[in-house]
Structure formats: C-alpha cells, structure tokens
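This report concerns only the one structure given below.
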Amino acid sequence: MKTIKDNAGREYHQLDNGTCYSVLTPVRVIEILEKYRNGETRIRVFYGDQETGRCWMEENDTMGTIGKSTGRIKVPLLIKTKRSFGGGAILDSAIVKITVNHRVVYKHPKFWQPELFLSSLKNTGTPELPWTVCRKVEPVGGMEVYARFATKTKAERYIAFMRGERNCK
C-alpha cells in the first residue's frame with residue numbers, strides 16, 4: 001500500500017489493486033469494503049462523525065454493491081442496483097457502521113445513533129400525516145419531530161430502516 005495525493009492535496013492509501021481510500025479510513029473498513037467489492041452482495045453503510053461515532057442518520061445512497069471508479073484515483077463506489085451503470089463515491093472515511101443482510105460487520109468503537117420514537121401527535125397542522133417519528137435531541141434530551149407518516153405501519157418501518165433492522169422503508 002502506498003500513499004498518493006489528488007490535485008486538491010487529499011491523501012489516499014492506494015492498494016495493490018489500484019483502489020484508493022482516504023488515509024483517514026480505518027483499516028477494518030477498508031478490509032470490509034474490499035471483501036465485498038465486485039461482488040453480488042449488497043451492503044449498507046452508515047455515515048457519521050469519526051471522533052464521536054455519532055451516526056448522521058442518512059437515508060439515501062447508503063445501500064448497494066461496491067464497485068470502483070476509473071481514473072488516476074480509483075475510489076470505491078456504491079452501485080445502487082444491478083442495472084446501474086455507476087454510482088456515487090463512498091465516503092469511506094466517514095463510515096461508522098456497515099451491515100450485510102441486517103448483520104453488523106463493522107461498528108465504530110464509539111458508535112451511537114440518536115433514538116427515534118413513534119408518536120401520534122394531534123393538532124400538528126397535517127391531519128393526513130398523524131403518525132410522527134421523533135428524535136431525541138442530544139445533549140439536552142428534548143424531542144424534535146424527525147418525520148411524519150400517514151400510517152403507523154409506515155412510521156414503524158421507517159424507524160426499523162433507520163436502525164438498520166430492515167433495508168427498505
């Protein structure tokens with residue numbers, strides 16, 4: 001493994017196969033992404049803060065198979081479906097958790113995720129969306145509305161998705 005820089009001065013570890021990862025990416029994350037690269041296995045990545053381990057609660061562009069870009073700096077890509085011709089670059093240095101088939105294969109040592117709660121709030125101004133998912137606000141401990149849904153089932157599925165217990169909302 002050697003270290004290279006892009007035109008903006010960012011440093012990458014370049015593996016023998018040409019794939020480049022940020023120098024800030026934990027070795028275990030690199031090993032897991034390489035294990036599943038060019039395979040048929042879909043993974044899910046959870047992005048977050050590397051210092052605190054706090055999950056950013058990203059909903060989109062977090063699931064797919066792993067590919068590799070072209071060019072001088074070949075970074076890992078998250079390919080959404082088998083029919084996709086490409087995908088977005090993975091923020092490999094910001095990964096705090098990786099799951100494969102709902103099984104955690106990597107978790108940041110300090111990983112934590114804001115708690116989500118189901119609530120049925122009345123008089124929200126949106127009677128067509130009576131079911132509310134609230135998030136505990138750290139460090140003050142208050143609650144804030146995070147998402148609204150038409151049915152209780154949709155709200156429960158959303159919470160399970162955000163926790164990584166299911167791969168669709």
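State which residue is surrounded by the fewest Cβ atoms within 10 Å (Cβ to Cβ) when the search covers only region 16-37 and only residues that are over 19 Å from the mean Cα position of the chain (by Cα) and either farther than 19 Å from S69 by Cβ or modelled with pLDDT under 95 (or both).
D16
Which of the strands (runs of 3 or more DSSP E) contained wholly in region 70-165 include at least 1 residues that are modelled with pLDDT under 90?
On the way: elements: 76-79, 95-100, 103-107, 116-120, 131-136, 143-149.
It comes to 116-120, 131-136, 143-149.
Where in region 1-54 are the strands (runs of 3 or more DSSP E), entirely inside, with at least 3 residues that are touching a residue at least 40 places away in the same chain (Cβ under 8 Å) and of a type outside the set (D, E, K, R)? Full working, then the answer.
Working: elements: 2-5, 11-14, 20-22, 43-47.
Of the strands (runs of 3 or more DSSP E) lying wholly inside region 1-54, those with at least 3 residues that are touching a residue at least 40 places away in the same chain (Cβ under 8 Å) and of a type outside the set (D, E, K, R) span 20-22, 43-47.
Does region 124-136 contain any residue that is among the polar types (S, T, N, Q) and closer than 20 Å to C20 by Cα?
Scanning region 124-136, I find no residue that is among the polar types (S, T, N, Q) and closer than 20 Å to C20 by Cα, so the answer is no.
In this structure, does L118 turn out to be of a type outside the set (S, T, Y) and within 30 Å of N17 (Cα to Cα)?
So L118 fails the test.
Tally time: how many residues in region 138-150 are surrounded by fewer than 12 Cβ atoms within 10 Å (Cβ to Cβ) and among the hydrophobic types (A, V, I, L, M, F, W, C)?
1
The values are calculated or read from the model by the stated rules, or taken from the named source; none is laboratory data. Keep in mind that what you see is a predicted model, and the values were worked out from it rather than measured. Using ideal geometry, Cβ is built from the backbone for each residue, glycine included, and neighbour counts are taken over all protein chains shown.
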